[in-house]
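The values are calculated or read from the model by the stated rules, or taken from the named source; none is laboratory data. Note that the structure is predicted; figures quoted are calculated from it, not measured. Please note: Cβ atoms are built from the backbone with ideal geometry, for glycine as well, and neighbour counts cover all protein chains shown. Note: accessible area is taken over every heavy atom of the protein model, side chains too, but ligands, DNA and RNA are not part of it. Shrake-Rupley method; radii C 1.70, N 1.55, O 1.52, S 1.80 Å.
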Amino acid sequence: MSLKNYTLFLADTSLILGQRLGEWCGHGPVLEQDIALTNIALDYVGRARLLYQYVSELDANGKSEDNYAMMREEREFKNLLLVEHPNIDFGFTVARQFLIDAFFVPYLEELSKSKNERLSHIADKALKESQYHLRWSSEWMIRLGDGTEESHKRIQSAVNSLWEFSGELFSPVPYEKEMLLEGIAPDVENILTRWNQSVNSVFSEATIIKPKDSWFQKGGKEGVHTEHLGYILSDMQYLQRTYPGQDW
Amino acid sequence: MKNPITKLVESIGNEQKSPLPEKKPENANEVIQLLSQITDPEIPVINIHELGILRNVTWNNTYYEVTITPTYVGCPAMGMIEMSIRQVLDQYSIPYKIITSLHPSWTTDWITDIGKFKLKEYGIAPPSTQKRIQNLFEGQGIVECPRCNSANTILISEFASTACKSLYKCNECLEPFDYFKCH
């Protein structure tokens, strides 16, 4: 059960972030960045598919990967709160992406050493993609942070609003702790050190002030979400809810 | 009037689309040869063997195990490629099972030299063999223009028309071009 929940946490985080980034399709600030955002979205949706496929094999009730993505409700989703935040503007999206990329690079590196072969292979594959994403989001953090007065103001305010959701990355819930004991999940304590290194170095070059740690929002990993998730699901799941089993 | 590059591209494309042989493949090597006729749907000059997607074919007493690996996890071409494999093998009533393997994960180092040559002829700069640059804002190393071979090129966008490419522009001949990024 814990393995299933843990895999769903990884899958849901990937899917919701993929869906959010996908919302930029046709709305990017310039064509190249529109393509960048949707390319990254595609990587996340691909990652989510591999993870849901694994979940559906773990669970012998015959549910398909699509069932997991399209027919579950808010309280069943285990994604990080950070990824369900609306895109707001390009700077906000970049900041959200940078915080998560700086997390995923060390996280996937550790997960690729997992005792669970299936997850380790998926992590190994996804790692290269996340390294490429991190480079893109780091460069944009610096361009916007150390850019114009307006871009600096927006990226700083995005970081300020997102900060309280960053603590959840490093607060393991019971199923993660169990997976850590079994040698399946990485130890987020170690990830935190490396995440801080990336964040400090990019923030300093981007002239972004790192917010002070205070109270952190949690709950996403256990199905307690912000109001935003319901809106994403109603958009994303509309077709399957209206025409169950529809295929093309 | 067709320019020489278009003609060359068409000739390479035609070479790939040669009809399937009449003889049914009798061993794993012949199955690999047969499947090597399948090209990437986005880059029709290069086949799945040259691209490193088709990893292995082995005979398993009753059926062939065809192992493929995705380039990028979300690459929509994978579904097409798997369907093409099924179509070809079904035509010969060959028993098979397709296995998608993620490990070791695909790398551009698996693109064969012929594959790299074909990419370049098609107008896509092949992945550089030089050291991968990790520093921010330093691009992806020296990327040569596939048309005029100039090294005086500039990165326009890390992400381009497909997951496996980035977009460059040549400062000499001024043509934009795709670069098959190192992965």
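Charges at C-beta only: +1 for Lys and Arg, -1 for Asp and Glu. How large is the resulting dipole of region B:124-180 about its Cα centre, in Debye rounded to 20?
Magnitude of the dipole: close to 120 debye.
Does any residue of region A:30-46 lose at least 40 Å² of accessible area with all protein chains in place compared with its chain alone, and if so which ones (probe 1.4 Å)?
SASA drop of 40 Å² or more in region A:30-46: A:GLU32, A:ASN39, A:LEU42.
Could you tell me how many cubic angstrom of Cα convex hull volume region A:2-242 has per residue?
114
Provide the three semi-axes, in whole Å and in decreasing order, of the ellipsoid equivalent to region B:4-110 as defined by the square roots of 5 times the Cα gyration tensor eigenvalues.
Sorted largest first and rounded, they come to 23, 19, 11 Å.
Positive end of the dipole of region A:2-242, charges at C-beta (+1 Lys, Arg; -1 Asp, Glu), about the Cα centre: which of A:ASN196, A:GLY22, A:PHE165 has its Cα farthest in that direction?
A:ASN196
B:ARG86 versus A:ASN196, label points 7 Å from Cα toward the beta carbon: distance in nm?
5.1
Only Lys, Arg, Asp and Glu count, each charged at its Cβ (+1, +1, -1, -1), so figure out the dipole size of region B:4-110 about its Cα centre, rounded to 20 debye.
With only Lys, Arg, Asp and Glu charged at Cβ, the dipole is about 140 debye.
Which listed residue (A:PHE92, A:ILE208, A:ILE155) has the Cα farthest towards the positive end of the charge dipole for chain A, taking +1 on Lys and Arg C-beta and -1 on Asp and Glu C-beta about the Cα centre?
The one lying farthest along the dipole's positive direction is A:ILE208.
Points 7 angstrom from Cα along the Cβ direction at A:ASP66 and A:LYS115: gap in nanometres?
3.7
List the residues, sorted by chain then number, that are 5 or more residues from B:ILE156 or on another chain and whose placed amide H is less than 5 Å from its amide H.
B:LEU167, B:TYR168, B:LYS169
Based on the mean of other Cβ atoms within 10 Å per residue, sort peptides A:193-203, B:36-46 so the most packed one is first.
Ranked by mean Cβ neighbours within 10 Å, highest first: B:36-46, A:193-203.
Heavy-atom accessible surface, probe 1.4 Å, ligands and DNA/RNA ignored: which residues of region B:86-109 lose at least 50 Å² versus the isolated chain?
Residues losing area: B:LEU102, B:HIS103, B:SER105.
If you take the Cα Rg of region B:57-129 and divide it by 2.2 N^0.38 Å, with N the number of residues, what do you get?
1.31
List the lysines whose Cα lies under 26 Å from the Cα of A:LYS212, skipping any in the same chain that are fewer than 8 positions away.
A:LYS153, A:LYS221
Accessible area per residue, 1.4 Å probe, Å², for region B:124-180: what's the number?
50
Under a point spin-label approximation (7 Å from Cα along Cα-to-Cβ), what is the B:ILE114-A:ASN87 distance to one decimal in nm?
It works out to 4.3 nm between the two label points.
Whenever you get a sec, compute what percent of the accessible area on the protein assembly as shown sits on carbon and sulfur atoms (1.4 Å probe).
Accessible surface attributable to carbon and sulfur in the protein assembly as shown totals 52 percent.
How much of B:THR71 can a 1.4 Å solvent probe reach, expressed as accessible area in Å² and rounded to 10?
Using a 1.4 Å probe on the heavy atoms, I get roughly 10 Å².
Just the number, please: Stokes-Einstein D of region B:124-180 in µm²/s, Kirkwood Rh from C-alpha pairs, 37 °C, 0.692 mPa s.
Using the Kirkwood radius from Cα pairs, D works out to 291 µm²/s.
Which one of A:SER64, B:LEU119, A:GLY46 is farthest out on the positive end of the charge dipole of the protein assembly as shown, using unit charges on Cβ (Lys, Arg +1; Asp, Glu -1) and the Cα centre as origin?
My answer, from the dipole projection, is B:LEU119.
Restricting to Cα atoms and excluding each atom paired with itself, what does the Kirkwood estimate give for chain B in Å?
Every distinct Cα pair counted, the radius reaches 17.7 Å.
Could you tell me the total accessible area buried at the A-B interface, probe 1.4 Å, in square angstrom to the nearest hundred?
2500
Tell me, what ³J(HN,Hα) does each residue in region A:227-235 have, in order and in whole Hz, if you take phi through Karplus 6.51 cos²θ - 1.76 cosθ + 1.60 with θ = phi - 60° and put x for Gly and Pro?
Once θ is set to phi - 60°, the couplings for region A:227-235 become 4, 5, 4, x, 5, 5, 4, 5, 6 Hz.
Placing unit charges on C-beta atoms (Lys and Arg positive, Asp and Glu negative, everything else neutral), compute the dipole magnitude of the protein assembly as shown about its Cα centre in debye, rounded to 20.
Computed charge dipole of the protein assembly as shown: roughly 440 debye.
Give, in nm to one decimal, the length gained when the segment between A:ASP235 and A:LYS218 is fully stretched (0.36 nm per residue of separation minus the Cα-Cα distance).
Taking A:ASP235 through A:LYS218 to full extension adds about 3.7 nm, to one decimal.
In region A:161-222, what is the volume of the convex hull around the alpha carbon atoms, normalised per residue and reported in Å³?
It comes to 88 Å³ per residue, whole-number rounded.
Pairs A:LYS128/A:LYS177; A:LYS125/B:LYS169; A:LYS128/B:LYS97; B:LYS120/B:LYS165; A:LYS113/B:LYS97: which exceed 18 Å Cα-Cα?
Flagged as over cut-off: A:LYS128/A:LYS177; A:LYS125/B:LYS169; A:LYS128/B:LYS97; A:LYS113/B:LYS97.
Report ³J(HN,Hα) in whole Hz for each residue of region A:27-39, in order, from the Karplus equation J = 6.51 cos²θ - 1.76 cosθ + 1.60 where θ = phi - 60°; Gly and Pro get x.
10, x, x, 9, 3, 4, 7, 4, 5, 4, 4, 7, 5
Give the average over all directions of the projected area of the C-alpha convex hull of the protein assembly as shown, one decimal, in nm².
The Cα convex hull of the protein assembly as shown, projected and averaged over all directions, gives 23.6 nm².
List for region A:97-141: residues with 20 Å² or greater reduction in accessible area, all protein chains versus chain alone, probe 1.4 Å?
A:HIS121, A:ASP124, A:LYS125, A:LYS128, A:GLU129, A:TYR132, A:ARG135, A:TRP136, A:GLU139
With every protein chain kept in place and ligands, DNA and RNA left out, what is the accessible area per residue of chain A? Probe 1.4 Å, answer in Å².
That works out to 44 Å² per residue.
Using a Gaussian network model of chain B with C-alpha springs under 10 Å, which one of B:GLU65, B:GLU26, B:GLU172 is most mobile by mean-square fluctuation?
Ranking B:GLU65, B:GLU26, B:GLU172 by mean-square fluctuation puts B:GLU26 first.
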